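The values are calculated or read from the model by the stated rules, or taken from the named source; none is laboratory data. The structure displayed is predicted, hence computed values, not measured ones. Because the Cβ atoms are built from the backbone with ideal geometry, glycine has one as well, and the counts that use them run over all protein chains shown. Heavy atoms of the whole protein, side chains included, go into the accessibility calculation; ligands, DNA and RNA do not. Shrake-Rupley method; radii C 1.70, N 1.55, O 1.52, S 1.80 Å.
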Amino acid sequence: MRHVDVLIVGGGVAGLSCALFTSKAGLSTLVIDNEDSQISDVKQIWNFPGIVEGISGEEWLSAARHQVQKYGGQFLTGQVTSLDVHSPIKKVFLEPNKISTNYEWENPITTTYLVLSVNLGYQLLEDAGFSLAVNEHVPSRKIRYVEGVQYNGRTHIANVYIAGLLAHLPSQTVIASGQGAFVGIQIASQHLGKAFMWHD
């Protein structure tokens, strides 16, 4: 089995923002993504401070992935089929036929800190024991959130975090990014045993 400090399921806005901070803190970080992020369909993002001319979702994803890789974060394209979240070492199982060949990863992958940042993988979450409800902050009412999780993303399971719309956030890029970064900073601080600060 291959072990990483931080494993993030979901490579959208919140997941990538989390990965940026954990990677920068020196934690081995792996993002598993099925390359189906909702933001990839967005033609122009205008509501992100500093993005004056707008940027497409694909452009944002590409830039964010590049930043994460710059600090040592890795990516794996694959479909997560199940989770073992109740042991101190978490296990993530992937569908064998849908794992990218970019890296040699064994199945399952183990991790100390698990971040769940998927918007539509509800069965996966329910199978792991999480209760879900409709996120009324999202007008389509197609998005769920994990009950009992606050902005800090902490769950009732040690070292398992929720990031993004699953944390009952509105569907705003900048909010998802900030919350994902906050989760990353919490994990880095816990792992390092001191407050992690990344000054601009």
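Within the set Ala167, Ala158, Ala176, Ala195, the sole residue that is modelled with pLDDT of 90 or more and in contact with a Leu (Cβ under 9 Å, 6 or more places away or on another chain) turns out to be Ala176. State all residues of segment 26-54 that are surrounded by 16 or more Cβ atoms within 10 Å (Cβ to Cβ) and of a type in the set (A, V, I, L, M, F, W, C); if no residue qualifies, say none. Residues satisfying the conditions are Leu27, Leu30, Val31, Ile32, Ile39, Val42, Ile45. Would you check if there is a residue in segment 119-127 being within 14 Å of the chain's Cα centre (by Cα) and among the small types (Gly, Ala, Ser)? Taking every residue of segment 119-127 in turn, at least one turns out to be within 14 Å of the chain's Cα centre (by Cα) and among the small types (Gly, Ala, Ser).
This table checks each residue for (1) part of a helix (DSSP H, G or I); (2) of a type outside the set (A, V, I, L, M).
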| site | (1), (2) |
| --- | --- |
| Ile51 | no, no |
| Glu58 | yes, yes |
| Gly72 | no, yes |
| Leu76 | no, no |
| Pro88 | no, yes |
| Thr111 | no, yes |
| Glu136 | no, yes |
| Tyr145 | no, yes |
| Gly148 | no, yes |
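Inside segment 126-149, residues that are open to solvent by 90 Å² or more (accessible area, probe 1.4 Å) and either under 19 Å from Ile8 (Cβ atoms) or among the aliphatic types (A, V, I, L, M) (or both) make up a count of 1. Scanning segment 126-145 for residues that are within 26 Å of His3 (Cα to Cα) and touching a strand residue (DSSP E or B) at 6+ places or on another chain (Cβ under 6 Å) gives Ala128, Phe130. The residue list Ala158, Ala163 contains one member that is open to solvent by less than 10 Å² (accessible area, probe 1.4 Å) and in contact (Cβ under 8 Å) with a residue 24 or more places away in the chain, which is Ala163. Checked against the criterion of being within 16 Å of the chain's Cα centre (by Cα) and within 24 Å of Ser28 (Cα to Cα), the candidates Val174, Val146, Val183 yield just one match: Val183.
Against the condition under 19 Å from the mean Cα position of the chain (by Cα), open to solvent by 60 Å² or more (accessible area, probe 1.4 Å) and at pLDDT 80 or above, how does Ile109 come out, does it pass? Spelling it out, it is not the case that Ile109 is under 19 Å from the mean Cα position of the chain (by Cα), open to solvent by 60 Å² or more (accessible area, probe 1.4 Å) and at pLDDT 80 or above.
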